[in-house]
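The values are calculated or read from the model by the stated rules, or taken from the named source; none is laboratory data. Not measured: the values here are computed from a predicted model. No Cβ is skipped: glycine too gets one built from the backbone with ideal geometry, and neighbour counts run over all protein chains shown. SASA here: full protein model, heavy atoms, side chains in, ligands and nucleic acids out. Shrake-Rupley method; radii C 1.70, N 1.55, O 1.52, S 1.80 Å.
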Amino acid sequence: MKRRKFIQLTGGTVLMGSTFPLILQSCKDDLDGMMRPRVAPRVEDGPFNVELPRLPSLPATNASLTAQHTTATVFKNKTSSVLSYHAGDLLGPTLRAHRGETVQVSFQNQLSEPSNIHWHGLITPAEMDGHPTDIAPAGGSLNYTFPIVQRAGTYWYHPHPDLLTAKQTYRGLAGFFIVSDNEEQAIGLPSGEFELPLVIQDKQADVAGDFPYNPSSIDLMNGMMGERILVNGIHSPLAEVLPRTYRLRVLNGSNARIYNIALSNSANFTIIGTDGGLLAAPETQQTILLAPGERVDLLVSFAGMAAGTELYLHSKAFPGSEYQGKQDFNVLKFKVISGQTDNFPIPALLDPPVVINESEATNTRFFDISNDGGHGGHGGHGGGSISHNINEKVYKHDRIDEVIDFGATEIWTFDNTNGVDPHPMHLHGALFQILDRTGGRAQVFPHEKGWKDTVLVMPGEKVRIIARFEQYKGIFVFHCHNLEHEDTGMMLQMEIK
Ligand code: C2O
Ligand code: CU
Ligand code: CU
């Protein structure tokens, strides 16, 4: 194991009126031991000439998923070796289920290391949740079965084995899990070919088109980011669309990169849903800052656009993070083709989520996620390997950090006031609602209303959430969904009992 040492120089950069530490790397035993600043890899976009693939759907009531080594055409004219739940593709199939149905998924692990499946955003019994220690060994298998007890929404699945979540997800293991219910169906939103689940990911690809997982110390600090942006497992795709309204279910399935999505014609998005399903009513917004693990459900209208019109799903530069957000880039090209149009009226009402009132809270908890620890941004554990923490604690599978009364309604504060990194905080075992954000962006955005399972806490921010732990008892984790932060310790355990 290489030992790497980090030094921190202060006084280099000024951000938001305060002296901001510029963190530099010094590698005693690396030949590339020159000082390198912490910056996100520069995205190289284009040429947007490969057709966006439609992800195949499978009923989750009877599915089989095999984690395997396979190859996929991720970059034009190249064959990448990947890990996947589906032979020949990067992404796994889109699982679909209706509220009230029972999920039955048999999982085979054909990797050479432990794996499992976590159903991100789905509330499942603890033993079905893909806890980091509930794993299938190499060559082993697991059966997942649980009822769908929640609202329609865009959820997803990915591996969650201890210390291997980031690597396995990055190499390709991920898929959508879409839940429907009667309330949503009654609204008559665009469906079939007019519903596009879109997962955005980024990779550091080599000339052969492979993206092995070899994070540098900087990658472990920032989280793994790449210069190639993929949508639905394809680099630089083109989606041909009819001049009508589409439902875009956008997932940030990246390990660490945050996207500030926008349309290149500056049109507003119509936001209809968030992590945990539909909003009470549509909201409009021009840009949406979407962190790893988060989803947003959108209506985008191409109606009235002439055939041949091109526009992009774009990521705009954004402030608030020292090492990412400095660059604008395109993600996906839409090209309008001639054909059937529509006159889809934006519904005035969607499906109002039950609101949890602050006055219902029976307990509060506080989590310092700033990772300042008195030693600067990172490490703080003797200058050896990189680690990240919550309340100065790193993940330990045999330690329960928080004991929660079954049925309790709790307010949790995630405090990143003194931090320098963005942290998308994610809970298993319960969905939550965001009460407020103070510092930094100082507001709750339209795509953060309703039910959430992941919330972005930027440097300088403090976010309060409220949740009811009323579905299942047992041991669940909560963590930062920057997967390198998670795997380097930024995860704790709660026991609901
Ligand atoms: Cu999507 Cu515990 O994670
Ligand atoms: Cu999760
Ligand atoms: Cu983090």
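Points worth noting:
- Residue that is nearest to His160 (Cα to Cα) [pool: residues in segment 393-430 that are open to solvent by 10 Å² or more (accessible area, probe 1.4 Å) and charged (D, E, K, R)]: Lys396
- Selection status of Gln433, open to solvent by 10 Å² or more (accessible area, probe 1.4 Å), within 15 Å of ligand 2 (Cβ to nearest atom) and either in contact with a Phe, Trp or Tyr (Cβ under 6 Å, 6 or more places away or on another chain) or not aromatic (Phe, Trp, Tyr) (or both): no
- Test for Ile234: is it among the β-branched types (Val, Ile, Thr), in contact with a Leu (Cβ under 7 Å, 6 or more places away or on another chain) and in contact (Cβ under 8 Å) with a residue 12 or more places away in the chain: yes
- Every residue from segment 37-53 that is assigned to a loop (DSSP other than H, G, I, E, B) and either within 21 Å of the chain's Cα centre (by Cα) or farther than 16 Å from Asn77 by Cβ (or both): Arg38, Val39, Ala40, Pro41, Arg42, Val43, Glu44, Asp45, Leu52, Pro53
- Meets criteria (in contact (Cβ under 8 Å) with a residue 12 or more places away in the chain and not in a loop (DSSP other than H, G, I, E, B)) for Arg399: no
- Qualifying residues in segment 385-411 (those that are within 16 Å of ligand 1 (Cβ to nearest atom) and among the hydrophobic types (A, V, I, L, M, F, W, C)) - the one nearest to the chain's Cα centre (by Cα): Ile390
- Failed condition for Ala72, given (1) surrounded by fewer than 17 Cβ atoms within 10 Å (Cβ to Cβ); (2) under 19 Å from Gln201 (Cβ atoms): (1)
Okay, residues lined up against (1) touching a strand residue (DSSP E or B) at 6+ places or on another chain (Cβ under 7 Å); (2) under 25 Å from Gly489 (Cβ atoms); (3) within 16 Å of ligand 3 (Cβ to nearest atom):
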position: Thr154; (1), (2), (3): yes, no, no
position: Asp162; (1), (2), (3): no, yes, no
position: Thr165; (1), (2), (3): no, yes, yes
position: Gln168; (1), (2), (3): yes, yes, no
position: Phe194; (1), (2), (3): yes, no, no
position: Lys203; (1), (2), (3): yes, yes, no
position: Gly233; (1), (2), (3): yes, no, no
position: Pro237; (1), (2), (3): yes, no, no
